[in-house]
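In what follows, a structure is listed as structure tokens, so that the remarks can point back to it.
The values are calculated or read from the model by the stated rules, or taken from the named source; none is laboratory data. Since this is a predicted model, take the numbers as computed values, not measurements. Every residue, glycine as well, gets a Cβ built from its backbone with ideal geometry; the counts of neighbours run over all protein chains shown. Ligands, DNA and RNA are excluded from the accessible area calculation, which covers all protein heavy atoms including side chains. Shrake-Rupley method; radii C 1.70, N 1.55, O 1.52, S 1.80 Å.
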Amino acid sequence: MGSLDEFYMRRALDLALKRKGLTHPNPTVGCVIVKDGKIVGEGFHYKAGYDHAEVVALKQAGEKAKGATVYVTLEPCAHYGRTPPCSLALIRAGVKRVVIATTDPNPRVAGKGISMLKNAGIEVSVGVLEKEAKKLNEDFFHWIVNKTPFVVLKIAQTLDGFIATKKGLSKWITSTESRKEVHSLRCQSDAILVGVSTVIKDDPQLTVRHIPCEKKPLRVVLDTHLRIPLEAKILDTKEAPTLIFTASDNREKINLLIQKGVEVVKVPTKEGKLDLKEVLHKLGEREILQLLVEGGSKVFGSFLKEGLANKLVVFVAPKVFGQGIPPFGGIQIEDPSEALKFKLDTLKRLGEDIYMEFYP
């Protein structure tokens with residue numbers, strides 16, 4: 001059964017991937033129902049408040065669900081939330097076996113769904129393609145456990161490791177294919193963060209373009225002294241919502257920003273900079289599950305130094321600047337043995353560039 005279980009679970013994971021980042025604050029889930037060697041029902045969770053993947057697949061299967069095997073990428077829920085429990089729906093449908101990729105860390109589920117199924121006499125298998133399923137929902141798992149966003153640092157650099165020239169110019173280091181991938185990353189994220197220096201130098205929009213996207217991720221600016229220019233593109237809240245974290249008491253400028261529809265939140269400082277842990281705590285309260293950090297160098301360095309980066313996504317272009325701005329400002333390692341270490345997880349080609357994913 002092993003290879004068959006993996007075959008159908010991979011199909012369920014592919015279904016779930018269609019809604020990656022669009023189901024928040026819920027996890028992204030796919031489900032496949034198989035009977036007599038044929039798929040009789042399948043589906044994915046569309047977004048919060050809609051039917052869960054299991055219910056979508058059961059509706060498609062109808063009477064054929066009785067005696068069938070169900071493949072689901074995450075443990076079926078056992079509680080009443082926005083929708084009734086999926087475990088109960090599976091029991092009522094009379095399924096024979098449920099194959100689950102990974103358990104749900106949500107305390108309201110956490111094994112309860114599996115127990116409910118087993119108590120009803122349903123055969124349950126857990127752990128098929130578990131690693132892939134956990135990666136699919138790494139943002140949800142992190143947020144459920146820590147109540148802070150899963151932090152992804154997005155770095156576009158040259159072959160010799162610079163994110164901009166010595167003059168601070170960075171458009172464009174990477175290829176069209178890489179930039180399209182960045183917009184896909186933005187769409188999967190709930191918020192996109194930059195430091196105010198990046199706003200002043202590059203005047204970015206930080207919106208999702210070049211690909212269809214159903215949501216407008218929150219744009220977040222770290223601006224300790226409220227230096228942001230009032231004409232900055234990021235302050236156009238018709239494009240997407242904007243939130244500025246600051247330590248400033250400049251009431252006049254705060255009022256001007258509020259008039260533009262921008263939200264301004266004051267946070268304490270730590271060693272002269274905004275307290276990043278407090279920033280993440282406040283974003284977590286807003287159900288920001290994944291935070292994409294897009295710069296600049298000092299911001300990247302601060303997240304790394306404080307151990308707050310959960311993942312690095314690095315685009316490397318086959319270009320050399322010779323001199324320029326490194327990605328991680330403020331980090332100085334004297335001895336190679338003390339270097340911050342990361343594990344390579346994904347490596348692929350995007351146009352002329354190399355795309356890599358690293359975990360601490």
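Would you check which residues across the stretch 184-202 are without any contact (Cβ under 8 Å) to a residue 40 or more places away in the chain and open to solvent by less than 20 Å² (accessible area, probe 1.4 Å) and list them? Result: 196, 199. Can you name every residue in the stretch 14-35 that is under 17 Å from residue 98 (Cβ atoms), open to solvent by 10 Å² or more (accessible area, probe 1.4 Å) and over 16 Å from the mean Cα position of the chain (by Cα)? Matches in the stretch 14-35: 34, 35. For the stretch 115-139, filtered to residues that are among the hydrophobic types (A, V, I, L, M, F, W, C) and touching a strand residue (DSSP E or B) at 6+ places or on another chain (Cβ under 8 Å), the residue that is surrounded by the most Cβ atoms within 10 Å (Cβ to Cβ) is 117. Can you find a residue in the stretch 154-168 that is closer than 23 Å to residue 357 by Cβ, open to solvent by 30 Å² or more (accessible area, probe 1.4 Å), touching a Lys or Arg at 6+ places or on another chain (Cβ under 8 Å) and not in a strand (DSSP E or B)? Yes, the stretch 154-168 has at least one match.
To keep it simple, each residue is scored yes or no on (1) among the acidic types (Asp, Glu); (2) modelled with pLDDT of 95 or more; (3) closer than 28 Å to residue 215 by Cβ.
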site	(1), (2), (3)
239	yes, no, yes
244	no, yes, yes
266	no, yes, yes
276	no, yes, yes
289	no, yes, yes
312	no, yes, yes
325	no, no, no
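Within the set of pairs 6 or more residues apart or between chains, which connect a residue that is without any contact (Cβ under 8 Å) to a residue 40 or more places away in the chain inside the stretch 42-63 to a residue that is outside any loop (DSSP other than H, G, I, E, B) and of a type in the set (S, T, N, Q) with Cβ atoms less than 8 Å apart? Every condition considered, the pairs that remain are 42/60; 43/60.
Residues that are part of a helix (DSSP H, G or I), over 22 Å from residue 303 (Cα atoms) and either in contact with a Leu (Cβ under 8 Å, 6 or more places away or on another chain) or not small (Gly, Ala, Ser) (or both) within the stretch 169-207 comprise 176, 177, 178, 179, 180, 181, listed in sequence order. Return yes when residue 106 is surrounded by 20 or more Cβ atoms within 10 Å (Cβ to Cβ) and not small (Gly, Ala, Ser) and no when it is not. Yes; evaluated as a whole, the condition is true for this residue.
Does residue 70 satisfy the criteria of being of a type in the set (A, V, I, L, M), at pLDDT 95 or above and farther than 21 Å from residue 10 by Cβ? No, not satisfied. Residues in the stretch 93-119 that are within 14 Å of residue 66 (Cα to Cα) and in contact with a helix residue (DSSP H, G or I) (Cβ under 9 Å, 6 or more places away or on another chain): 4 in all. The sole residue among 217, 229 that is touching a Cys at 6+ places or on another chain (Cβ under 9 Å) and modelled with pLDDT of 95 or more is 217. Taking the criterion of being closer than 16 Å to residue 161 by Cβ and in contact with a Ser or Thr (Cβ under 7 Å, 6 or more places away or on another chain), the only residue of the stretch 331-354 that qualifies is 353.
Of the strands (runs of 3 or more DSSP E) lying entirely inside the stretch 270-357, those containing at least 3 residues that are on the phi < 0 side of the Ramachandran plot and open to solvent by less than 30 Å² (accessible area, probe 1.4 Å) span 290-293, 311-317. Cβ separations smaller than 9 Å between residues 6+ apart or across chains give the following pairs from the stretch 240-262 residues that are on the phi > 0 side of the Ramachandran plot to residues that are surrounded by 15 or more Cβ atoms within 10 Å (Cβ to Cβ) and of a type in the set (Asp, Glu): 261/236. The set of residues in the stretch 157-183 that are basic (Lys, Arg) and touching a residue at least 60 places away in the same chain (Cβ under 8 Å) contains only 166. If you go through the stretch 36-46 and pick out every residue that is outside any strand (DSSP E or B), of a type in the set (Asp, Glu) and within 28 Å of the chain's Cα centre (by Cα), you end up with 0.
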